[in-house]
Every structure is written in structure tokens, then in C-alpha cells.
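Shown next, in C-alpha cells, is the structure this report addresses.
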Amino acid sequence: MTRIYELNDQATGKARVGYTQAMKLKAYVVRVTGETTHRIGEIAEGKVIRKQRMPDAAWVVIEEINGSCYLYRYSNTGECAGDTWHQTLDEAKRQARFEYEIGYSDWFKEGE
């Protein structure tokens, strides 16, 4: 994901446009631990209604967006298998380890 931002150039006072590449890491699931279950649901009349269970993840991606990290899960067919928000990269990696036994050395930059 490429982010576009605008800066004011201190020397000229003119706006400058820049680009920054968001950090994106990928890892393959070692083992689904069964410690969590991801479901599609909705809230109706103030109550959570659980609907269908999402597929097990085969691989995951951590993406940093605006200072937070999102852990995206994908099935072996590429279908969305859930996502969670995390304050830090380390927190997202710990969650992936808890759910899928993914170690710190299992992560790589997507596209490598």
C-alpha cells in the first residue's frame, strides 16, 4: 500500500507531495492452535449475533497503517479469514504466535 502525503516545504513555503510505502509482512501458518475462532456476525438490538464461522487461516499478513498494525488472515483459497487491530507490530506478532504458532523468524516482507 502506498500512502500519499502533503508537506509544506520550509524553504519555499510551497506544498510538496510525497509517497511512503506501508510496512507489510507475511507468514505461513504453522498450526491452527484452536485458541480462537473467527466468525462473521452482526449487532441487532444491542446484541451480538454470531453467524457463520470463518475459514481457518493458511497465511497471514501484518500491515502497518497510520501507526497501528492490522493482522489479516487468509484461507488456502485466498478468502478473508478474519482481521484484528493491534497497537504495535510486536502485539500483532504475539497474536499470530498464539493463534498459529508463527515464530518471529517466520515473517518476511511480502513480495520477497
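The values are calculated or read from the model by the stated rules, or taken from the named source; none is laboratory data. Please read these numbers as outputs of a predicted model, since none were measured by experiment. Glycine also receives a Cβ, built like all others from the backbone with ideal geometry; neighbour counts cover every protein chain displayed.
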request  = Please verify whether the range 42-56 includes one or more residues that are modelled with pLDDT of 95 or more, within 15 Å of residue 24 (Cα to Cα) and touching a strand residue (DSSP E or B) at 6+ places or on another chain (Cβ under 9 Å).
outcome  = no
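Return the residue satisfying two criteria in turn: it lies in the range 54-69 and is without any contact (Cβ under 8 Å) to a residue 24 or more places away in the chain and either in a strand (DSSP E or B) or among the hydroxyl-bearing types (Ser, Thr, Tyr) (or both), and of such residues it is surrounded by the most Cβ atoms within 10 Å (Cβ to Cβ).
Taking the range 54-69 and keeping what is without any contact (Cβ under 8 Å) to a residue 24 or more places away in the chain, we get 66-69.
From what is left, the residues that are either in a strand (DSSP E or B) or among the hydroxyl-bearing types (Ser, Thr, Tyr) (or both) are 68-69.
Values: 68: 14, 69: 21.
If we take residues in the range 54-69 being without any contact (Cβ under 8 Å) to a residue 24 or more places away in the chain and either in a strand (DSSP E or B) or among the hydroxyl-bearing types (Ser, Thr, Tyr) (or both), then 69 is surrounded by the most Cβ atoms within 10 Å (Cβ to Cβ).
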ask   = farther than 21 Å from residue 110 by Cα, of a type outside the set (D, E, K, R) and part of a strand (DSSP E or B), is that true of residue 48?
value = yes
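Within the range 97-108, identify whether any single residue is in contact with an Asp or Glu (Cβ under 8 Å, 6 or more places away or on another chain), at negative phi and free of Cβ contacts under 8 Å to residues at least 60 places away in the same chain, and answer yes or no.
no
When you scan the range 57-68, do you find a residue that is modelled with pLDDT under 90 and either small (Gly, Ala, Ser) or farther than 25 Å from residue 91 by Cβ (or both), even just one? So that I can check it myself, show each step before the final result.
Residues of the range 57-68 modelled with pLDDT under 90: 65-67.
Among the residues that remain, those that are also either small (Gly, Ala, Ser) or farther than 25 Å from residue 91 by Cβ (or both) are: 67.
Yes: the range 57-68 contains one or more residues that are modelled with pLDDT under 90 and either small (Gly, Ala, Ser) or farther than 25 Å from residue 91 by Cβ (or both).
Suppose we filter the range 1-36 for residues that are modelled with pLDDT under 90 and either assigned to a loop (DSSP other than H, G, I, E, B) or aliphatic (A, V, I, L, M) (or both); how many remain?
So the first thing to find is which residues in the range 1-36 are modelled with pLDDT under 90, and the list is 1-23.
The next check asks that each one be either assigned to a loop (DSSP other than H, G, I, E, B) or aliphatic (A, V, I, L, M) (or both); those that pass are 1, 4, 7, 9-15, 17, 22-23.
Qualifying residue count for the region: 13.
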